Structures are given as structure tokens and as C-alpha cells.
Amino acid sequence: MFLWALVVISFDLFTKRKTGSAVGYLSLVGLLVTGFILSITGYGQGFTTMFFNDPMSLFFKIIFLGAAFMAIASSFGITSQKIVNHRGEYFGLILLSTVGMMFLSSSNELLSLYIGLELTTIPLFVLAAFFKDDKLSVEAGIKYFVVGAFSSALLLYGISFLYGLSGTTDLVQLKINLAITHLTFRNIGLILVLSIVLLLAGIGFKLALPPFHQWTPDVYEGSPTPIAAFLSVGSKAAGLVAFAKIFLNGLSAFYGPEMAPNDWGKLTGLLACLAMIVGNVLAIRQSNIKRMLAYSSIAQVGYIMIGMVAMSALGLASVGFYIFAYLFANMGAFGIVAFFEDKTGSCQIASYSGLSKTSPTLAISLSVFLLSLAGIPPLAGFLAKYYVFASAIDAASSDPSYSWMYWLVGVGVVTAVFSLYYYANVIKNMYFATEPSLYRVDFSVPAMSVIVIGLVGVFLFGLYPEPILRFASSIPLSFGFVPH
Amino acid sequence: MSFPFLSSVVFVPLLGMVVVMLIPKQNVWTIRWTSLAFSLFAMVMSFWITWDYFFNYSGSAAMAYVEGPYQWIPSLNIQYYLGVDGISVPMMFLTGLLSAVSILASFNIKIRVKEYFAFFLLLEAAMMGVFVALDFFLFYVFWEVMLVPMYFLIGVWGGPRKEYAAIKFFLYTLFGSLFMLVSILILYFTSEPHTLDIMGLIQVGPAMPHTLQMVCFIFFFIAFAIKVPVWPFHTWLPDAHVEAPTAVSVILAGVLLKMGTYAMLRISWPMFPEALRSLSLWIAVLGVIAIIYGALVSMAQKDLKKLVAYSSVSHMGFCILALAAFSSVTALAGCMFQMVSHGLITGALFLLVGVLYDRAHTREIAAFGGLGVKVPVYTGIMVLFSMASLGLPGMSGFVSEFMIFVGSFGVLNKVLVGIAVLGVVLGATYLLRMIQRIFLGEFDLARWGKLPEINFREIVAVAPLAVLTIAIGVFPKPLSMLMSATLEHLVNLMAR
């Protein structure tokens with residue numbers, strides 16, 4: 001069962017009071033062991049119907065573990081330079097947050113889902129503010145804390161309405177009860193609308209969906225880079241799981257134009273559009289690469305949400321695959337930004353100028369990651385975009401009342417062109433400059449491992465994605481979606 | 001299963017890229033010759049396929065050398081599926097030839113040699129892929145992969161405004177491609193059972209609702225028209241050409257532009273005949289505008305390379321005009337001839353402009369005069385290709401333009417074709433004026449007294465192009481036999 005994973009990580013947590021980077025390696029081993037245990041335990045359930053280990057949770061657990069692994073592996077520079085005395089806490093908190101994510105992805109009930117989300121974010125508040133002497137980092141921590149706490153409150157408020165309407169917190173039961181209420185009274189009324197809006201806002205903050213995105217660039221810029229990476233992949237994936245569980249499972253009946261005003265589909269679609277536009281347009285103006293990647297991650301979530309609102313087996317599978325592809329490319333890109341920062345102390349895009357001459361491996365890897373994020377074939381990011389757009393066009397072409405999804409695709413396509421501009425801008429700096437860079441970045445073993453894992457992922461799952469696609473197409477089974 | 005010839009043509013350059021990347025960057029000589037060897041191998045292979053196709057397969061319109069369809073990504077019905085017919089074989093031939101020629105012409109690249117050749121071989125692989133892919137996804141992958149090395153080739157080794165030109169090219173083409181992607185997805189979900197097989201979808205297309213056909217057709221048209229480039233989508237072209245290094249310009253003009261017209265003929269034309277019929281007049285108008293506009297703008301250019309670049313817009317306009325006359329086999333054959341001949345001639349012209357620029361470090365037409373005295377061989381070759389470009393009988397440009405006019409006159413609006421013929425006169429004007437101002441007249445001894453003559457390597461690079469230009473001009477029959485069966489088949493498909 002998945003509780004094993006918990007035990008292993010907690011055990012890991014207690015043994016790390018020693019000093020030295022052994023702690024970091026120990027946490028990596030802990031993650032691997034957890035992954036191994038995950039791979040040998042089958043599907044099942046615990047505490048009656050509170051926890052499920054189903055295809056969806058398994059898929060996302062792998063993503064969380066991968067994100068934590070890569071974040072920890074990119075942290076060795078920081079831990080040996082800046083936070084020598086608190087390594088144990090640093091790695092421990094990352095692991096704790098990962099436990100929260102895994103907890104969340106298995107839960108099948110609103111309260112444990114909420115607890116999982118809190119367990120995910122509270123360690124991250126601390127991690128964001130980990131550089132105690134750095135104003136930006138402290139600011140990031142506080143900002144993230146305030147916004148996070150606020151959004152949790154919204155979410156909890158929304159959940160309480162749902163409980164009030166259905167009398168249960170179990171998602172499957174909730175789905176049935178709500179459907180019955182709906183059929184009996186024809187219209188549940190404004191309470192449900194309010195609840196949907198609150199839930200959407202709460203999760204929207206976690207996912208940094210505009211208009212709830214303002215905290216993102218500041219927090220990413222201020223926090224330690226590996227933590228920003230972890231935030232952008234791990235915590236977003238966790239938010240997406242929460243979204244999928246609440247909306248695509250619990251509220252799945254309230255989707256589609258005939259459900260207006262309770263239809264959450266169009267509202268979410270609007271947020272996805274905003275995310276793609278805001279993220280991609282604002283990223284263009286950034287001169288700090290971490291802020292640029294923050295905006296880019298806002299946009300990427302916008303693309304993922306297209307798959308969500310397609311509300312189909314294909315859509316859910318595409319969401320899974322997208323996050324998977326995004327994991328490798330984004331963790332890889334952030335990893336390289338972290339190594340560059342360890343060496344040079346700078347996050348300005350301009351300081352990457354001429355890097356291809358002094359550190360060719362680094363430059364080419366970063367280019368590959370960015371091109372994957374931009375969706376250039378044959379990299380994994382392209383297939384992910386293809387898959388997401390496919391799900392939307394499938395939904396739109398099979399039912400005329402969803403033809404608004406063509407607009408989603410349209411916005412996605414046009415903003416993808418914008419996104420290429422800012423990704424290519426970094427590449428331009430690295431390659432087109434005639435002067436060689438002042439910096440030369442060499443790697444440690446863990447740094448190398450991040451880059452290699454990222455590159456292998458980006459290429460392998462772009463060229464031979466079949467196994468992951470199969471796995472991803474099993475995700476919808478968790479919600480009873482049948483592929484057509 | 002026979003030997004996978006087409007895969008080899010695509011993947012040999014890719015292998016070459018890997019090998020080049022493994023050579024230490026100090027060994028410039030090894031890098032150059034290795035890349036040349038790989039591209040020559042791909043060239044010989046594409047020649048052999050052309051030869052064999054001509055004798056064994058050109059009688060029918062069926063795909064030859066078919067590889068696959070093999071399952072690649074079964075969950076999404078994506079296949080690995082290659083094949084060639086009468087319209088892809090000449091393009092493959094041209095790609096093989098021009099790539100080898102360009103690599104030979106790139107031996108004077110001094111900085112970052114290793115990266116340059118690695119990117120070049122990647123570019124060659126992707127171009128080959130576009131011309132042989134029969135699965136939409138595969139086609140799209142090759143189509144897009146090409147942008148990346150092109151972006152780097154222009155951006156790193158280009159002229160003063162290289163960064164602007166590179167990103168403009170990249171964004172512009174990506175913008176078009178994404179339209180194509182949406183169209184592909186719409187087609188995929190319309191087909192039953194879902195498929196991405198181009199040949200299969202050609203059967204599906206005409207059965208689609210009219211509006212959907214129009215939407216898909218227009219999306220495809222935008223994607224391909226940007227590549228051609230059809231006026232008003234042409235603005236990336238002069239920038240890219242002027243900033244790109246010589247060999248990249250050759251590839252850009254010789255192969256990349258043809259991808260647009262090739263893709264129209266391969267994909268969107270036979271797939272949506274109904275939409276094609278209702279829009280053909282507008283397409284013809286765009287073609288004629290491109291012809292006249294390109295020629296007029298060419299005339300006003302002070303920069304020699306820009307002149308050739310705009311002449312490309314004009315010459316590709318002839319292709320579009322011919323494509324608008326889709327019911328005439330002659331016009332379509334003329335289009336194919338024009339694609340090949342423009343590839344050879346303009347490729348050579350860009351090479352020659354590069355030769356001059358390497359020596360004189362300027363491309364300003366007004367800076368020269370009377371060079372015919374100093375560099376007679378160079379002058380001779382340049383005049384030869386200019387004549388070919390303006391459509392002198394006996395060379396390939398004449399054959400193609402003649403066929404286009406004969407074919408489209410019977411089908412299209414006669415006034416429109418009449419205006420297009422004026423384009424030939426305008427072409428003669430700017431080319432002859434260029435020759436006059438550069439090679440004739442007063443010779444500036446003080447400035448150009450030490451101008452060296454074209455060297456042996458450069459002559460070797462342009463010689464095959466000259467031979468083919470004249471060969472096609474004098475004896476066009478083999479080329480037309482190569483593709484006639486396929487073109488007839490296409491015309492039948494478009495008449496549905």
C-alpha cells in the first residue's frame with residue numbers, strides 16, 4: 001500500500017540530523033526506495049474509501065517523486081554554499097511536501113484532500129523563505145504564505161458548501177448525492193455556483209491561474225531556484241490533481257451548457273485562455289530568467305487546463321502526459337538555471353550571453369529544454385501540446401455545443417507563437433553573441449544527473465512515448481471515464 | 001522487405017550530424033570533409049532512387065519505395081510511413097544535390113565550424129524527411145524540426161541583423177505551421193476510423209462539410225503560403241535571405257520555398273478539391289501579384305542579394321499561378337519544372353552572390369562596374385544563370401514558364417495570365433540592368449584591381465547546377481516523363 005511510502009520517507013526524515021551532503025544523497029535514495037515500493041504495490045484502497053491507489057494517483061506519484069528527485073539533485077550547490085547548517089531541514093521539508101502530494105493524490109475524500117494540499121504547501125512556505133538573510137527570499141516566503149493561506153481558506157469555504165449540499169465529503173458519494181439533488185429540484189441554485197467559484201478561486205491560486213497569478217513571479221524569483229522548480233512542477237501537479245478530483249469527479253455532472261449557471265466548464269476554459277495569454281505575453285518582457293519561467297509556467301498550466309475542460313478520457317490522458325513532459329523540460333531548465341546561479345550568482349537572461357562557447361553542454365541542454373517547453377518537435381513538449389489540442393478538437397468536433405473549444409485551441413496556438421519568442425530569446429543570448437561568456441559552469445554528479453534525466457525524458461518521450469501514453473490513458477479509468 | 005532506401009536518405013545526414021558532433025572542434029578539415037562525405041552519400045542515394053524510379057516506377061502514380069506503415073505511436077494512430085512518387089522524387093533529387101553543393105560552398109566558414117556543419121546536416125535530414133513522409137504527424141515533425149537548425153544557421157553565422165532575421169523566420173513559419181496542426185487535428189477526428197495517413201485522408205477530405213473544407217483548406221494554405229512565400233506572407237524572406245550565410249540562402253531558396261508548393265500539391269490541393277475550385281481565382285490573383293510585385297521590388301534593390309531574394313518571390317509566383325490552374329496537367333508540370341529550375345538557378349545565383357561578397361565584402365550593386373574585364377569566368381557564369389533566370393530559351397527557366405503559360409491560359413482568366421506574362425519582361429529588366437551595372441561599364445581599377453577570380457572549389461559547386469539547367473532546357477522530356485503519371489492522377493483527384 002501507499003502508506004509504505006509514507007513510512008519510508010518519515011524514516012528518512014529522522015535519520016538526517018548528520019551533517020554533510022550525505023543527507024541529500026540519503027533523501028535521493030529515500031525517493032528511489034519509495035518509487036520502488038510504489039512500483040511493486042498494486043492498486044488498492046485504505047480506510048474504507050478514503051484512499052485509493054488507482055492509476056491516476058500512481059501516475060501522479062511518479063511525477064511528484066520525479067520532481068522531488070530533480071529538485072533535490074539540483075540543490076547540492078545551494079546546500080553546500082548558503083545553507084550549510086540547515087541541510088537536514090531543507091531536504092526534510094522537500095520530502096515532507098512530497099508526502100503531502102502523494103497523500104493528496106491518493107485521497108478520495110474532500111477533507112483528506114484538503115489536508116494533503118496543506119501538507120504540500122506548508123513546507124513550501126518555509127522553503128520559499130529559506131535564505132533568511134535575503135530580503136527577496138523572505139518576501140517570497142511571506143507572500144506565498146499569505147496567498148496560500150488565503151486560497152486554502154477559500155477552498156475550505158467552498159468545500160463546506162459542497163458538504164452542506166450533499167451531506168458527504170466522499171467524492172463518489174458526493175457525485176451521486178448532488179446528481180440526485182439536482183434531478184429532484186431541477187436546479188440546485190446559487191449555493192452551488194458560489195461553491196464552484198470559491199473552489200475554482202482556491203485552486204486557481206494554487207495553480208497560479210490568472211487572475212490569481214500575481215504571487216507567482218515574485219515567489220519564484222525570491223525562493224531558492226530548486227524550490228521554484230519544485231513549486232512549478234510538483235505543487236502545480238498537486239493542484240491539478242485536486243482540480244481533477246473535485247471537478248472532473250465530484251462535480252462531473254455540472255459540466256456543459258445545459259447545466260448553466262452551474263457549468264464550471266466554460267468558466268475554467270476562460271481561466272485557461274487567460275493563463276495562456278497572460279503567461280505568454282508577460283513572459284516576453286522579463287529580463288530575469290526565473291521570472292520568465294514563472295510566467296511560462298502560468299502559460300503551461302493554461303495548456304494543461306485545455307485538457308481538463310475537454311472533460312473526456314482523451315483530455316485526462318493528455319493532462320497526464322503533458323505534466324509528464326513538462327516535468328522533464330521544466331525541471332531540467334530550472335536545474336540549469338540553478339547551476340548557473342550557483343556559479344555566477346546571476347539570474348539575468350543577459351548574463352547567459354555567449355554561454356555556448358564556454359559551456360556548450362549546458363547551453364545545448366538548456367536550449368533543448370526550452371524548445372521542448374515551446375513545443376518544437378520531436379521533443380516531448382510538442383507531443384504534449386499536440387495531445388492536449390487533440391483532446392479539445394475531439395470534444396469540439398463531436399458535439400456542436402462545445403465548439404467554443406475551438407477558440408481555446410486558437411488562443412493556444414497563437415500564444416504558442418509568442419512563447420517561442422521568449423524561449424528563443426534565451427537561446428539567442430547563449431548562441432548568437434560573438435563574445436564568449438565570462439562564466440564557465442562545471443557540473444557535479446547530481447547536477448549532471450538532473451540534466452541527463454531531463455534530456456533523456458525530453459527526447460525519449462518525444463520519440464517513443466507509447467509506454468507513457470498507455471499509462472496516461474489509464475488515468476481516466478480512475479474516474480470511470482471510458483475511452484471512446 | 002527490401003532495403004529501406006528512403007529512411008537511409010533521411011537518416012544518413014542525421015548520422016552525419018552525430019559523427020560531426022563527435023569530432024573534436026579543432027579538426028576543421030576532418031569536419032568539413034566528413035560532412036561533405038555524408039551529404040554526398042545522401043546525394044548519390046537520392047540520384048539512384050531518381051534513376052530507378054524513372055525506369056521502373058514512373059509509369060504509374062502509385063507510391064514507390066514504400067516503407068511502412070509501421071506503428072510508431074499506436075495510441076494516437078501515428079505511423080512511420082514513407083514513400084515517393086513523381087512529385088517527391090524531383091524534390092528529393094534537388095535536396096540531395098543542393099545540400100551537397102551548399103556544404104561544399106560552406107568550406108569557407110571560419111567560426112564555429114563544427115556546430116555549423118552539424119546544424120546543416122540536421123537541416124538536410126529534415127528536408128529529406130518532408131519530401132518522403134506520408135504520415136501527417138511525421139510530415140509535421142520534419143517540417144518543424146527544420147526550423148531549429150535554420151534558426152541557428154541564420155542567427156549565428158548571419159549578417160549584421162541576423163538576430164532579427166532569425167527570429168522573424170522562426171516565428172513566422174511556426175505561426176503558419178500551427179495553423180496546419182489545427183487542420184491536421186480536425187482532419188484526424190473527422191476521418192473514420194481516425195487516421196493520419198495523408199493518402200487515406202485525401203479520400204476523406206472531399207466528403208467533409210463544405211465550411212469545414214474551406215476552413216481546413218485556408219489553414220493549410222496559410223501554413224504553406226508562408227513557406228513559399230506568397231505575397232502578402234513574404235516579408236520574412238528578404239530579411240532571412242540577406243542575413244543568412246550564402247549556403248543557407250541556397251538551401252532556403254532552393255529547397256525550403258519548394259516545400260510550400262510541394263505541400264500544396266501533395267496535401268491540400270487533392271484533399272479539398274471543392275474548396276480549391278471556389279478559391280482558385282483568388283489564388284491565381286495572389287500568384288500574379290507576387291509575380292509583378294516581386295519583379296518591381298527587385299528592380300528597386302540596391303543590394304544584389306536582396307535583388308535575387310525578391311526575384312524568388314516573383315518566380316515562386318509563377319508556381320502559385322500554375323497551381324491555381326489545377327485542372328491542367330501542363331500547368332502543374334510547369335509548376336514542377338519551375339520548382340526544380342528555380343532551385344537550380346536561384347541556388348546558383350545565391351552561390352555566385354556569395355562568391356562576390358566573400359571577395360568584395362559588399363553586395364551593393366552601385367559599388368561595382370566593369371568587372372567583366374577583371375573576372376571573366378565569374379562574369380560568364382553569372383550571365384549564364386541570369387539568362388536562365390530571365391527565361392532564355394534553351395535553359396530550364398524558359399521551359400517551365402512556357403509550360404505554365406500554355407497550361408494556365410486555357411484554364412484561368414486570360415487577362416490575369418496576360419499580366420503574369422509581363423512578369424517575364426520585368427524579370428529581364430532587373431536582371432539585365434544588374435548585369436550591366438556590375439559587369440559592364442567603367443572599371444574601378446583602384447578599388448577592384450586586386451579582385452580574385454572565382455576559385456576551383458566554387459566552380460565545382462556551381463557546375464552541376466549549370467549542367468542541369470541547360471540539360472533540362474534542351475531536353476526536358478525525362479523530367480516530364482518522371483512525373484506525368486503522378487500529375488495526371490493528381491488532376492483526377494482534384495476534379496472530384
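Values for this structure:
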| read-out | value |
| --- | --- |
| Furthest towards positive pole of dipole, A:Ala299, A:Gln286, A:Ser318, structure part the stretch A:255-484, Cβ charges | A:Gln286 |
| Residue exposure sequence - B:Ser408, A:Ser312 - by fewest surrounding Cβ within 10 Å | A:Ser312, B:Ser408 |
| Within the stretch B:1-145: Cβ-based charge dipole about Cα centre, in debye rounded to nearest 20 (Lys, Arg +1; Asp, Glu -1) | 660 debye |
| Dipole of chain B, positive direction: furthest Cα of B:Gly427, B:Val12, B:Gly394, with charges on the beta-carbon | B:Gly427 |
| In Hz, Karplus ³J(HN,Hα) per residue of the stretch B:453-459 (6.51, -1.76, 1.60; θ = phi - 60°; x = Gly, Pro) | 6, 4, 8, 4, 4, 5, 5 |
| Stokes-Einstein diffusion coefficient of the stretch A:145-289, Kirkwood radius over Cα pairs, 20 °C, 1.002 mPa s, in µm²/s | 132 µm²/s |
| Cut-off 12 Å between beta-carbons: net charge of the residues surrounding B:Pro245, Lys and Arg +1, Asp and Glu -1 | +2 |
| Square roots of five times the Cα gyration tensor eigenvalues for chain B, Å | 34, 27, 20 |
| Which of A:Met331, B:Met180, B:Met434 has the fewest Cβ neighbours within 10 Å, and the rest in rising order | B:Met434, B:Met180, A:Met331 |
| For B:Glu67, distant residues with modelled amide H under 5 Å away | B:Leu82, B:Gly83 |
| Mean separation of Cα contacts under 8 Å, 6 or more apart, over the residue count of chain A: relative contact order % | 16 percent |
| Positive-end residue of B:Tyr81, B:Pro209, B:Phe439, charge dipole of chain B with Cβ unit charges | B:Phe439 |
| As computed over the stretch B:273-496, the Cα convex hull volume per residue (Å³) | 107 Å³ |
| Cα coordinate range in the stretch B:30-95, projected on the principal axes (Å, largest first) | 43, 34, 14 |
| Per-residue Cβ neighbour rank within 10 angstrom, fewest leading, B:Arg437, A:Arg87, B:Arg32, A:Arg440 | A:Arg440, B:Arg437, B:Arg32, A:Arg87 |
| Cα-based Rg of chain A normalised by 2.2 N^0.38 Å, two decimals | 0.93 |
| Quotient of C-alpha Rg and 2.2 N^0.38 Å, computed over the protein assembly as shown | 1.00 |
| From the C-alpha gyration tensor of the stretch B:190-262, square roots of 5λ in Å | 33, 14, 7 |
| Centroid-to-centroid separation of the stretch B:400-457 and the stretch A:296-316 [C-alpha atoms, Å] | 53 Å |
| The stretch B:220-276: projected area of the alpha-carbon convex hull, averaged over directions, in nm² | 3.8 nm² |
| Three semi-axes of the equivalent ellipsoid, the stretch A:55-209, Cα gyration tensor, whole Å, largest first | 37, 18, 10 |
| Stokes-Einstein D (µm²/s) once Rh is taken as the Kirkwood radius of the stretch A:255-484 over alpha-carbon pairs, at 10 °C in 1.306 mPa s | 87 µm²/s |
| Student exercise, the protein assembly as shown dipole from Lys, Arg, Asp, Glu Cβ charges, in Debye to nearest 20 | 1660 debye |
| Total charge dipole magnitude, chain A, about the Cα centre, Cβ charges on Lys, Arg, Asp, Glu only, Debye to nearest 20 | 560 debye |
| Along each principal axis, Cα extent of the stretch A:423-484, largest first, Å | 57, 28, 20 |
| Area projected by the alpha carbon convex hull of the stretch B:95-157, averaged over all directions, nm² | 4.0 nm² |
| Relative frequency of Cα-Cα separations exceeding 23 Å in the stretch A:326-412, percent | 42 percent |
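Read the figures in this text as sums done on the coordinates, not as results from a lab. Computed from a predicted model, the values in this text were never measured in an experiment. Neighbour counts are summed over all protein chains in view; Cβ atoms, including those assigned to glycine, are modelled from backbone coordinates with ideal geometry.
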